[in-house]
Each structure stands twice: as C-alpha cells, then as structure tokens.
Amino acid sequence: MNGDARAGHDKTIGHDKTIGHDKTIGHDKTIGHDKTIGHDKTIGHDKTTGHDKSTEHGPYGNKTAGHDRLFGDYIQVLRFLFVFLLATTAFASDYCAQMRLWVQAMERDSNAVEITGWQGLTVELRYADTINITGKNIYCSEKRAWAHRDIAYKLQKAIALVQKEHPGNKLHLWDAARPLFAQAVLREAIRGKGLSDYVSSATKGSLHNFGMALDLTAENPDGTLLDMGTDFDSFSPAAGASRRMEDSLVVAGELTARQVANRRIMRSILQRAGLIQLPSEWWHFNGARSAWVYENMQMLGVR
Ligand SMILES: [Zn+2]
C-alpha cells in the first residue's frame, strides 16, 4: 500500500528538468522520415506529367496523353512503393543506429549493471521484438538488458527470495533500462489515445530511462508465464495493481482470484526486496520514489 501511494507520484510529478532533450531531437531524425515523405511531394511532380498532355503531339496528341497518363500512374505507384520502402527501412535502421550508440554508452556507464544472463531471470525484452504496443522492433532485436546499480541489487535480492520461497519459479523481464529515443517512439505511439498517464514524455523521461524501473512478471518452472490477468502494456483498468482496484476487479469479474493471488505473490517478494509497485501497471516496479529519482539521478547512457 505504502508503495502504491508513493508510486502514485509517478503520474503527477512533472520534473521536466531532466536532460534528454537532445535525444528527443535524435528521435526527430525519425522525422527525417518525414523528409523522405517530403519526397512524396515530388510525386506531386508527376502530375506535371499532365504537362505532356498539353504538349504538341499533333493528331495523336490525345492518345499519347492517355498512354502517358497510364504510364505516369504506373511510375507513380512504383515511386510510392520505392519511397515507402525507403521510409520504412530508414525507420528501422534509425532505431538500430540509435540502439548501437546507446549500447555503447551503457557499456561505458559505471552506474549501469548488465542483468542479461542472470540466474533466475529470463530476459524477454518486448521492445526488442514487434510484440508491443507500437508493433515496432524499437531495440533492433538487442536483447541485452541493463539496470541502474541501485535497482540491480534489489532485483538480485528479489531473485534470491523467489528461489528460496518458490524454487523452480523465475522472474521474467519485459523491460529494464530504456534508451530515450525509445521513450519518444512509445510516446508517439500513444499520442491522442488518452494514455499519456502511462507513458512519460521523452523530455521528462520515464524511470526506465534512469535505469530505475523494471517491468517484471513471473514464470512457472516449465517456463510458462503465471497468469496475471493482462498482458504487458495493457493500458486497461485490469492492469491496475492497487489492492482496492484488484479487489473490485475480481468482484466485477474482470480478474479471477487466482490472477490477483499470482500478482500478490510476486509483488510481496519484489516489495520485500525494496522495489516500489506502480499502482496502474502490475508489472512495473521502481527502484526508488520517482520524485527522488527525478531530483537526484541522471538518465543512464545519455552521454
Ligand atoms: Zn515500466
């Protein structure tokens, strides 16, 4: 409960002081994509193919014009396809280029602890695949995960507790430290959907950008995930993780008692390890009070 109240801060605190600006600009490179689309305007050029129509083609003028129009349409479609392909690959390679830079920065950052390959933790980064709200492979298939050392040791404690109290079960990681460009991509994906409470702007940054948040679920000994009632990044009321919310969701038939019990088993362990639950997302845990993080810490891998 205590954790809930604190974490509730998350949504309200607007410590926009945070760095990050540069990378939002990095994201604007993706808007370089728009420039490519600016290319589309060149397609507008094709309309000038209408030019051909008006040229002096003598008695056959009309036919040639009709032919030109068809041919022009064909060219236009080809150009559109070309620009579309260029734009989509530009997008993908832009993510990959930014991801590479971020990985290098994380390798240099003495506060960043790589948690990939830890015993008792399965790393499945959803943004390193297309199974996420954006449908994009934002991390360019990079499955290495990092966390700030201040949260990493708490994760270590939590894993030890799982191993002691539920031998065979594991924690399962959906996201950890997150590059700022990815924050901008996520924010863009939810724009206009009334979900801004769930995804911080890249200017403010999410605690994930500080490496101070972990998105976790739990695995059964056979590797299947425990049923927690919703998937990752389900921005629905059923993702709510305060006790009162969960109790009312059970009463309303939105969650089963088993699903809530599973959440509470995991939450109890993570809270005893010092992690703080975000009340609107059962999978999200902060390593410290978010107000404190915004005041006192720097984002990971920004330099
Ligand atoms: Zn999260």
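In the range 284-298 there is at least one residue that is more than 16 Å from the ligand (Cβ to nearest atom) and among the aromatic types (Phe, Trp, Tyr). Listed conditions (1) within 22 Å of the chain's Cα centre (by Cα); (2) in a loop (DSSP other than H, G, I, E, B); (3) among the hydrophobic types (A, V, I, L, M, F, W, C) are all met by VAL293, apart from (2). Of the residues making up the range 207-228, none is assigned to a helix (DSSP H, G or I) and crowded, with 16+ Cβ neighbours inside 10 Å. Checking each residue in the range 264-290 for being within 19 Å of TRP174 (Cα to Cα), in a helix (DSSP H, G or I) and in contact with a strand residue (DSSP E or B) (Cβ under 9 Å, 6 or more places away or on another chain) picks out ILE265, MET266, ARG267, ILE269, LEU270, GLN271.
Of all positions in the range 174-189, none carries a residue that is over 14 Å from ALA213 (Cβ atoms), part of a helix (DSSP H, G or I) and touching a strand residue (DSSP E or B) at 6+ places or on another chain (Cβ under 9 Å).
Close Cβ contacts (under 6 Å, 6 or more residues apart or on different chains) running from residues in the range 278-301 that are more than 13 Å from TYR198 (Cα to Cα) to residues that are of a type in the set (D, E, K, R) and within 11 Å of the ligand (Cβ to nearest atom) comprise SER290/ASP10. Filtering the range 223-235 to residues that are away from the ligand (no atom under 16 Å from the Cβ) and over 24 Å from TRP146 (Cα atoms) leaves ASP227, GLY229.
Residues in the range 189-222 that are acidic (Asp, Glu), farther than 20 Å from GLU114 by Cβ and either without any contact (Cβ under 8 Å) to a residue 40 or more places away in the chain or within 12 Å of the ligand (Cβ to nearest atom) (or both): ASP222 alone. Checking LEU155, LEU171 one by one, the residue that is more than 13 Å from the ligand (Cβ to nearest atom), out of contact with any Ser or Thr (no Cβ under 7 Å at 6 or more places or on another chain) and either within 19 Å of ASP231 (Cα to Cα) or polar (S, T, N, Q) (or both) is LEU171 and no other. Scanning the range 236-260 for residues that are touching a residue at least 60 places away in the same chain (Cβ under 8 Å) and either within 16 Å of the ligand (Cβ to nearest atom) or in a loop (DSSP other than H, G, I, E, B) (or both) turns up ALA241, SER242.
Of everything listed in (1) more than 19 Å from LEU207 (Cβ to Cβ); (2) buried (at least 18 other Cβ atoms within 10 Å of the Cβ); (3) out of contact with any Pro (no Cβ under 8 Å at 6 or more places or on another chain); (4) modelled with pLDDT of 95 or more, the single unmet condition for MET99 is (3).
The values are calculated or read from the model by the stated rules, or taken from the named source; none is laboratory data. For clarity, every value in this text was computed on a predicted model and none was experimentally measured. With ideal geometry, Cβ positions are generated from the backbone for all residues, glycine too; neighbour counts draw on all protein chains shown.
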